[in-house]
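Engineer: This is the structure I have questions about; it appears just below.
Computed from the coordinates by the stated procedures, all read-outs in this text should not be read as laboratory data. Owing to the predicted nature of the structure, the values given are computational and were not obtained by experimental measurement. FYI the Cβ positions are ideal-geometry reconstructions off the backbone, even for glycines, and counts take in every protein chain you see.
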Amino acid sequence: MPELPEVETVRRGLAPVMEGRRITRATVNRPDLRWPFPPQMAERLTGARVIALRRRSKYILADLSTDETLLIHLGMSGRMLISAPPPISGDGAAPDRATLGEWHHHHPAPEKHDHVVLDMDTGARVTFNDARRFGAMDLMPTAAAEAHPLLAALGPEPLGNAFDETYLAARLKGRNTPIKAALLDQHLVAGLGNIYVCETLYRARIHPSRKAGRIAAPRAAALVPIIRDVLAEAITAGGSSLRDYRQADGELGYFQHSFQVYGREGAPCLTPGCTATIRRIVQSGRSSFYCPSCQK
Ligand SMILES: [Zn+2]
């Protein structure tokens, strides 16, 4: 499941193709994904210019010239693909590279799970493919975007200014839930998922089962820069992966990233001098990976 860094990577990959560009044709091939698409979605998207492509938590938001905002949620298996028209034969003119970046993938034959296709005025094509259909798309007035049911209750962005040491201390104080659950709570902070919470707690040397309200103030404060670092490093890794995707299959969003603790059950702890092995426990139905020696 894509987490915040993966979604941000997708947004950054889409921005050069979509921002400032007009959707000349939107094609919607089924009535719904996880939820029904909004009425007349294809008609409402066709002709609209994308003014800005932003991200809130794990959602991509495209602000349109029609004063509507398109919300894109990748869900479990959603993929965004970018393709370009083939070079014009005869005079051999190549597609507009300045617009299309380094995308060399020509429009493929439509596949079974290509649910929404956006043709841009540059000739670039953005395809939303989602085999499991846990993804979503919705349209709302831009002025009311923050009130959308998926966005209204979200806490501050972990990379934004509102998420700071004072805020986190106040929200953890007196809280009787494990710190793992607290950091996964989207009301507390938006967009943190299982993988990056595991990585954060390992780096902070905090046991995932420790009660949130019983973490000493300096250790709780240290979580803020650690969360920012963990996410920023993953976004950087995603950014460098974009170059590879441009040369691979045109798909955005999933990249190989090495984790220090996530998925490493039974492997040696990577902290210098530590001889323990990484353990896994299940909390609220999700795996937590941690070092029993380093994390208290
Ligand atoms: Zn260790």
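Engineer: Output wanted: per-residue J couplings in Hz (rounded whole) for the range 14-28, from phi through Karplus 6.51 cos²θ - 1.76 cosθ + 1.60, θ = phi - 60°, x for Gly and Pro.
Structural biologist: My calculation for the range 14-28 gives 7, 3, x, 8, 10, 5, x, 9, 9, 7, 7, 7, 10, 10, 10 Hz in order.
Engineer: In a GNM of the chain with a 10 Å cut-off on Cα contacts, which of 236, 142, 122 has the highest mean-square fluctuation?
Structural biologist: 236
Engineer: Enumerate the calculated ³J(HN,Hα) couplings along the range 39-49 in order (Karplus 6.51 cos²θ - 1.76 cosθ + 1.60, θ = phi - 60°), each rounded to whole Hz, writing x wherever the residue is Gly or Pro.
Structural biologist: After applying 6.51 cos²θ - 1.76 cosθ + 1.60, I find x, 6, 4, 4, 5, 6, 8, 5, x, 6, 9 Hz.
Engineer: Given the options 70, 53, 162, identify the residue whose Cα lies farthest towards the positive end of the charge dipole of the chain (+1 on Cβ of Lys, Arg; -1 on Cβ of Asp, Glu).
Structural biologist: 162
Engineer: Here's something else I'd like to know. On alpha-carbon atoms, Rg over Rh for the chain using Kirkwood Rh?
Structural biologist: Ratio of gyration radius to Kirkwood radius: 1.02.
Engineer: Given the options 276, 204, 212, which has the most mean-square fluctuation in a GNM of the chain, springs set between C-alpha atoms less than 10 angstrom apart?
Structural biologist: Answer for the Gaussian network model of the chain: 276.
Engineer: Output needed: percent of Cα pairs per 5 Å distance bin for the range 168-243, bins running from 0 to the one holding the longest distance.
Structural biologist: For the range 168-243, the pair-distance distribution reads 3, 16, 27, 27, 13, 6, 4, 3, 1, 0.
Engineer: Let me ask another. Determine, for the chain, the count of lysine pairs separated by eight or more sequence positions (or lying on different chains) whose alpha-carbon distance falls under 29 Å.
Structural biologist: 9
Engineer: Alpha carbon centre of the range 7-42 versus the range 148-224: separation in Å?
Structural biologist: Centre-to-centre (Cα) distance: 31 Å.
Engineer: Using the count of nearby Cβ atoms within 10 Å as a rough guide to exposure, how do 43, 19 rank from fewest to most?
Structural biologist: Ascending Cβ contact count within 10 Å gives the list 43, 19.
Engineer: May I ask you to list the residues of the range 183-221 whose amide nitrogen lies under 17 Å from a point 7 Å from Cα along the Cα→beta-carbon direction of residue 173?
Structural biologist: 188, 212-221
Engineer: If you don't mind, another one. Helix-only estimate, please: 222 nm mean residue ellipticity of the chain, summing -39500 (n - 2.57) across DSSP H runs of length 4 or more and dividing by its residues, to the nearest 500.
Structural biologist: Rounded to the nearest 500, the figure is -8500 deg cm²/dmol.
Engineer: List the relative contact order of the chain as a percent without decimals, with contacts defined as Cα pairs under 8 Å and 6+ residues apart.
Structural biologist: 20 percent
Engineer: Next up: So for 275, 27, fewest C-beta neighbours within 10 Å to most, what's the order?
Structural biologist: In order of increasing Cβ crowding within 10 Å: 275, 27.
Engineer: May I pose another question? Using a 10 angstrom cutoff on alpha carbons, build the Gaussian network for the chain and name the most mobile of 28, 282, 117.
Structural biologist: Ranking 28, 282, 117 by mean-square fluctuation puts 282 first.
Engineer: Can you compute the equivalent ellipsoid semi-axes for the range 4-147, i.e. the square root of 5 times each eigenvalue of the Cα gyration tensor, sorted largest first and rounded to whole Å?
Structural biologist: Semi-axes from the Cα gyration tensor: 24, 17, 15 Å.
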